[in-house]
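This report refers to the structure that appears directly beneath it.
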Amino acid sequence: MNAAIRSVVRTALDLDMSVVGFKRGYNGLLMRSKDQNDDFEILTARSVSDKIHRGGTFLMTARCLEFLEPETQRQALKNLRALGIEGLVCIGGDGTYKGAQALNDLGFPTVGVPGTIDNDLAYTDFTIGFDTALNTACECLNRIRETSDSHERASMITVMGRNCGDIALNTALACGAEIVMVPEKPWSLEEVAERVKWGVLRGKRSILIIFAEGALSSLTSDLAAICARYENLKDISVRHVTSSQIAMIIEALSGHETRSTVLGYIQRGGSPSARDRLLAIRLGAYAVELLHRDISGVAVGERGLKPVHVPFEDVQKGTHAVDEGLSQLIDVMAVMTRK
């Protein structure tokens, strides 16, 4: 996001615009802090120096559930006009876009820039942050593989992806994982355990299982029935199953030691990859250029390495589908765990 903000600021200055940066997302637009410097600041070319290589966002971020209310949106609009703001670039995911669309519907020009590591916006090939999160996950998995090899065990690694399995799929393929579970594709614990067994029988010292955090939504197994069959699983609440408990169930079904690791927010930090920086710079500049041309109510993205923009109402048309090509290739590479 820092690289995108830097691009927005310097492109706007080049077009003779002045720039204001609002802090903590839509909370900054409401201007409720005792000191206005906690809500917004004038951004100059110097303000965004030494930012391109830093993770996160120097303007900070926070949820603002109040922004769902029409009255709150109208107050934000009043504040924007009082400051003489004429257009807004909003960087974020689906929630950010909904807020931007609401302001645009009220007559205030907005353009969205995709900043979400899940890569779950269907209209663009990639979102800012996805590649960095993927590289971080790969680095962690390389370390976990070495530990799994040494202890001759299966390791289940949970990566982010509540509704979208792109991080899980790409990490699995890049790191040679044998099994991957994602929310878009049905899977069963029995099948996972069977593949672990085959891997062990064929002499594999380690088995990597990649688990997207939202993958339970596509689980087809009868959890209650499985847990009832094993004494050490009877205390598991099937309503609130954790990833470590999923690993316990896989161990019980396969008879092979299985450990769980949750990468969590480590995927969100760190210096952005070169690919993410380039994407952020291109899309930040494109967003400003659109506003300068009086084009708003759109989200920018990239298709086939070319910038595109679509109306906010079209960003999530259709459902996110799993990349079957990637899924099949993972299966081909994991031949030692197939029956």
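The values are calculated or read from the model by the stated rules, or taken from the named source; none is laboratory data. Keep in mind the model is a prediction, meaning the values are calculated, not measured. Because the Cβ atoms are built from the backbone with ideal geometry, glycine has one as well, and the counts that use them run over all protein chains shown.
Worth pointing out:
- Against the test of being farther than 24 Å from residue 275 by Cβ, outside any helix (DSSP H, G or I) and either acidic (Asp, Glu) or in contact with a Cys (Cβ under 9 Å, 6 or more places away or on another chain) (or both), the options 32, 24 yield a single qualifying residue, 24.
- Matching residues, region 285-338, being among the aliphatic types (A, V, I, L, M) and surrounded by fewer than 13 Cβ atoms within 10 Å (Cβ to Cβ): 305, 321, 332, 335
- Residues of region 236-247 classified as without any contact (Cβ under 8 Å) to a residue 40 or more places away in the chain and under 27 Å from the mean Cα position of the chain (by Cα), total: 7
- Failed item in (1) touching a Gly at 6+ places or on another chain (Cβ under 9 Å); (2) at pLDDT below 95, with residue 237 passing the rest: (1)
- Residue 310 free of Cβ contacts under 8 Å to residues at least 24 places away in the same chain, outside the structural domain of residue 283 (by TED's automatic domain parsing) and either among the hydrophobic types (A, V, I, L, M, F, W, C) or assigned to a loop (DSSP other than H, G, I, E, B) (or both): no
- Answer from 58, 130, 108 - the residue that is aromatic (Phe, Trp, Tyr) and surrounded by fewer than 19 Cβ atoms within 10 Å (Cβ to Cβ): 58
- Qualifying residue in region 65-78 (condition: assigned by TED's automatic domain parsing to the domain that holds residue 280, closer than 19 Å to residue 288 by Cα and crowded, with 17+ Cβ neighbours inside 10 Å): no
- Selection count, region 35-67, where residues are more than 14 Å from residue 5 (Cα to Cα) and not in a helix (DSSP H, G or I): 5
- Test: residue 115 is in the same structural domain as residue 295 (by TED's automatic domain parsing) and surrounded by 22 or more Cβ atoms within 10 Å (Cβ to Cβ): yes
Yes or no, residue by residue, for (1) surrounded by fewer than 19 Cβ atoms within 10 Å (Cβ to Cβ); (2) under 28 Å from residue 117 (Cβ atoms); (3) aliphatic (A, V, I, L, M):
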{"position": "162", "(1), (2), (3)": "yes, yes, no"}
{"position": "168", "(1), (2), (3)": "no, yes, yes"}
{"position": "172", "(1), (2), (3)": "no, yes, yes"}
{"position": "202", "(1), (2), (3)": "yes, no, no"}
{"position": "209", "(1), (2), (3)": "no, yes, yes"}
{"position": "215", "(1), (2), (3)": "no, yes, yes"}
